[in-house]
Structures are given as structure tokens and as C-alpha cells.
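Presented below is the structure to which this report refers.
Read-outs: derived from the displayed coordinates by stated rules, not from any lab. Being a predicted model, the structure only gives us computed values, none of them experimental. Backbone-built Cβ (ideal geometry, glycine too); neighbour counts: all protein chains shown.
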There are 2 protein chains.
Amino acid sequence: METTYTPSAEDYLEAFYLLSLRKKVVRVKDVAAHLGVKMPSVVAAVKTLAEKGLVQQERYGYIELTPKGLAVAREVYERHKTWYSFLTEILGLDPTTAEKDACRLEHHISPLTLERLGKLVSFVRECPHGSRFIANFQEYSTSGERPNFCPGCGTGQKLLSELKAGEKARVVRVGGQDMLKKRLLGMGLTPGEELIVKRIAPLGDPIDIQIRNYDLSLRREEAKVVVVEVI
Amino acid sequence: METTYTPSAEDYLEAFYLLSLRKKVVRVKDVAAHLGVKMPSVVAAVKTLAEKGLVQQERYGYIELTPKGLAVAREVYERHKTWYSFLTEILGLDPTTAEKDACRLEHHISPLTLERLGKLVSFVRECPHGSRFIANFQEYSTSGERPNFCPGCGTGQKLLSELKAGEKARVVRVGGQDMLKKRLLGMGLTPGEELIVKRIAPLGDPIDIQIRNYDLSLRREEAKVVVVEVI
DNA sequence: TAATCAAGTTAGCTTCTTCTAACAAAGGGG
DNA sequence: CCCCTTTGTTAGAAGAAGCTAACTTGATTA
């Protein structure tokens, strides 16, 4: 019974729903204006949706969602809201961009992904570290520079690229994408391993370290994905 | 000159590109298999894309991207990869779901949103707090319960809902969505304000607090979005 | 070299979505 | 009560994307 609808059909249902919340009745003209299409397109859409039992309309009368149509419309709108929250609250986008993107993305998300996205938003809303983290991210994403360095969280964890010459540290985690990560792990940069920074070149690149009695020279880009704990 | 292409056209260009990386030549048959369509559909697509100067093909020969087509294909694939990274690394989705969703989402994202999404991924990769935070989120999203409570970060910040009767705290931040947030701020729950928890009802709802000499009774749902610092 | 077969092509149809232009109904003002 | 404006509808066309069925072509093999 898991019927699925076209993006266009979902848009119409959502429009009917939203307009019904704001006005007493839903008219062809208003739907057309809301979706930026011409009236005959709305009429055609209503006809096909009526055949599917999602809306009802008397000739020359108002459009009404059936219970079935209402359920679909609500679900679409929920997806919309989830995307909108994510785009504004997490990515920090302006309402206009967020609204436009949410309108398109709402038709293209699997239930599982939707659920996770919603959880991410509520987690960030509820968790103080979440809001701090997101604030840091947004500062980073607008200024281009990572805030120096996530102030106030006294965990003692740093990036390898932030160490000074002579500092000793223990590898906590190696990030980066597949290729890079594999290469670093292959070099001996595995969690738990101890290392010491021998020398940092003038512009911070490369960084020479010693680990497991080997000398390694890392590019700054590489050192930026290695999380360490100073010891 | 900002031409934009249909999702279908983008899919074909991306397929040509990916197949050209894996095989010496790109054939109609392989493209059809890759995209799950029949051969005549590929032929038709090649024809319209050729008219737009995006591909070249000699009759009964191989398909080749023009420089222009290659640029578009690469750009689409970048969008794909960005979505994929987000879905796997941040939402923690399995590769199959992530791949499928990325294939659909890649056609529906604005440049601004794409940029932010990419920055979020790299920020989380680089920032130790990011990875910790995401680990917490993923624990939360699979178990349903927020980890109790983001252990190891000694910031002293909590949610108002986590305080015990008698505890004193200072408001740090008020989260929640528009309506809820406004209402809480209107009640006097503004950052910097001090409060004391007077009484917590048996099931944690409602929570009675005193702030600015007023007594307030908060629903648990409300208290969950208020970040405080114990004093 | 001729036969065969897989790959590529064409023609023609279907569905979906939108449009314009022309027509019909409803309703308010004179 | 009739005319006129606004709103809604129909008809017909167009374009995007896919399909099946029937054909070429090019290459392989007997």
C-alpha cells in the first residue's frame, strides 16, 4: 500500500494544505499563485488527484483534501519543516535560501534519512555542546577560519597541526577521507600511538614528527585531520 | 550564461564521467545498465546532449564528453560526493541508503547550501569536538536516548531539565523553535539571568523555578531547550 | 567469405506536466 | 434584471523522459 507520489503531486497537496490553514477555503487561483503556475495546470492536477482519492472538488467550487490527501500533505510538510530546520539551524542559511531548498529537497529524501536529519536537529537543539559546536561551525563557515580553538572546552584534545615544536602527544583519532586516512594509518599514525613534534617549517608546512622511532614529515593538510591529546 | 540542466541530463553526464574513469570507452549499453534504463533512452539523451554541445558521438561509436560536458559532470559528481559524505559521516547512514539518497539530492541543492554542507563535513572532520559531538549524536540517534550526558566535556553546562530541585543556575542560551523560544524569552528566561529550581513534579513535568523573583512553572519539553550553567 | 549475434538506432507510443487561447459560470453593481 | 468582471474550465499543443518492437551495423566465428 506504500504509494508514492510525484514531486508535482506532493507540491499541490502541500499547497492545498498550507492554504487551508491560512484561508477559509482553497481556490484554484490562490493555488496557482502559491505554486507559480497557471490556473489550468491546477485544474488538471486537481483532476488527477481527485481520481486518486486525495482531493474533492465540486465544479466551480472549492478544493478540499480528503483524509487520505490530508495525511499525505501533512507528511510532505513535515519533511519540508525538517529540511528547513536543518538548513537554518545547523547550516545557518538565510530563510530565503533555506525555504527554496527545502521546497526541492522535501521530495527527495528517504524515510531513514529524514528520521536521522530530524534527530540531528533535535539533538543540536537540546545538547549544550551541540549549540556550542554549531556556533563554532557557523563562525568557521562564515569567516573561513576555524575558531581558535573551540574555546572553553577543556578536553586537552587538539589537532596535530596545532602542536608546537617539542610537544608530545598521543594520537586519538585519524580523520580525513578514505585515501588520506588509510595513508596516515599506514604511516603508523594509529590511535594510542605517542609522537613528538620535532620541527615545524616556517609556514607550518611541513611538520616533522617522530613516531615509533620513525621520522615522518607531514603536510599541514594531513596534520589537520589527526586528533591528538597532549601528554 | 548560468545554464542549468534537468536531473535526467545531469544523471547521464555523471554516468558518462564515472564510466570513463572505470573503462577505456563509454558505450551505450553500459550507460543503460548503470542508470537502469533501456538503450533507446540513452540514445535519445545523447542526441539532445550533443545538440547542447556536452557530448560527442560518432554513429555506432563511443560516447565522449566535451570539455564543457566534462565540467558539468564533474560538478554534479562533486555535489554527489558532498551529500554522500554528509549522509555517511554526519548522519551516520549506511552506504546503500546514503548512495541512493545522494543520487537524488545531488540535483536539488543551491550553490550556497552546497558550500555550507561541504564546510560542515570538513569542520566535523577537522575538529576534535566535532567528532566527539557527532559520535554522541550517532549514539543518540540509534539508541534514542541522549548519552547521559555528553560525557567528558567539563563545561558545567546542562539543560534546565537536568537540574535537581534546589540547584541554582544561570541561563546560557534558549533554544527551541521560533514560537517556543519567543515565549520562553518573554517569560524572563533570558541569557545571564539566574534561577533556582523550586520543585520538580514526580515524572519530571512540570518543573517549578524562580527567576527574577517570579515563580514559573515549565513543561519538561520547555525546560529541555534551555541551556544553563550551574552556579 | 558468409552467417550470426550483440550492440546501436529508429519509429512510434505513453505518461506527466505545463502552457495558451478560447469558452463558461458566478456574482456584484448599475 | 442584465451586463461585466473575475474565476474556473476545456481543448489542444509542446516538451521531457521513458518504453517496446522492429530495424541496421559491425564484428566474430564457422
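For the protein assembly as shown, with equal point scatterers placed on the C-alpha atoms only and solvent neglected, what are the log10 I(q)/I(0) values from the Debye formula at q = 0.06, 0.07 1/Å, to two decimals? The calculated log intensity ratios at q = 0.06, 0.07 Å⁻¹ are -0.37, -0.50. Structural descriptor for the stretch A:1-109: relative contact order 24 percent, calculated from alpha carbon pairs under 8 angstrom and at least 6 residues apart. 3J(HN,Hα) along the stretch A:183-199: 5, 5, 4, x, 6, x, 7, 10, x, x, 6, 9, 9, 9, 7, 8, 7 Hz, from the Karplus curve 6.51 cos²θ - 1.76 cosθ + 1.60 with θ = phi - 60°, whole Hz, x for Gly and Pro.
The packing ranking, built from the mean of other Cβ atoms within 10 Å per residue, places the peptides A:101-109, A:215-223 in the order A:101-109, A:215-223, highest first.
The convex hull built on the alpha-carbon positions of chain B has an orientation-averaged projected area of 17.6 nm².
Within 10 Å of the Cβ of each residue in A:75-88, the mean number of Cβ atoms contributed by other protein chains is 1.
Could you work out the relative contact order of chain B? I mean the mean sequence separation of Cα pairs under 8 Å and 6+ apart, divided by the number of residues, in percent.
13
With respect to chain A, whose longest principal axis is taken over its alpha-carbon atoms, helix A:111-126 is tilted by about 60°. For chain A, the longest principal axis of the alpha carbon atoms and the long axis of helix A:95-105 meet at an angle near 80°. The value of relative contact order for the stretch B:157-230, using C-alpha pairs under 8 Å at least six residues apart, is 44 percent.
Counts of other chain beta carbons within 10 angstrom of each beta carbon in peptide B:115-123 average 6.
Would you calculate a helix-derived [θ] at 222 nm for chain B, using -39,500 (n - 2.57) for each DSSP H run of n ≥ 4 and dividing by the full residue count, to the nearest 500?
Estimated from H runs of four or more residues: -15000 deg cm²/dmol.
For helix B:128-143, report the angle its Cα long axis makes with the longest principal axis of the Cα atoms of chain B; keep it between 0 and 90° and round to the nearest 10°. So the helix axis and the longest Cα principal axis differ by about 90 degrees. Going by neighbour counts of Cβ atoms within 10 Å, the residues A:Lys182, B:Lys224 line up, fewest first, as A:Lys182, B:Lys224. Between copies, A:Thr48 shows label-point distances of 1.6 nm, shortest first, with the point placed 7 angstrom from Cα along Cα to C-beta. Each 5 Å bin from zero up to the one holding the largest Cα-Cα distance in the stretch A:157-230 carries the following percent of pairs: 3, 19, 33, 30, 13, 2.
Of the trypsin sites (Lys or Arg not before Pro) found in the stretch A:1-50, those in coil by DSSP whose Cβ has at most 13 other Cβ atoms within 10 Å are A:Lys23, A:Lys24, A:Lys38.
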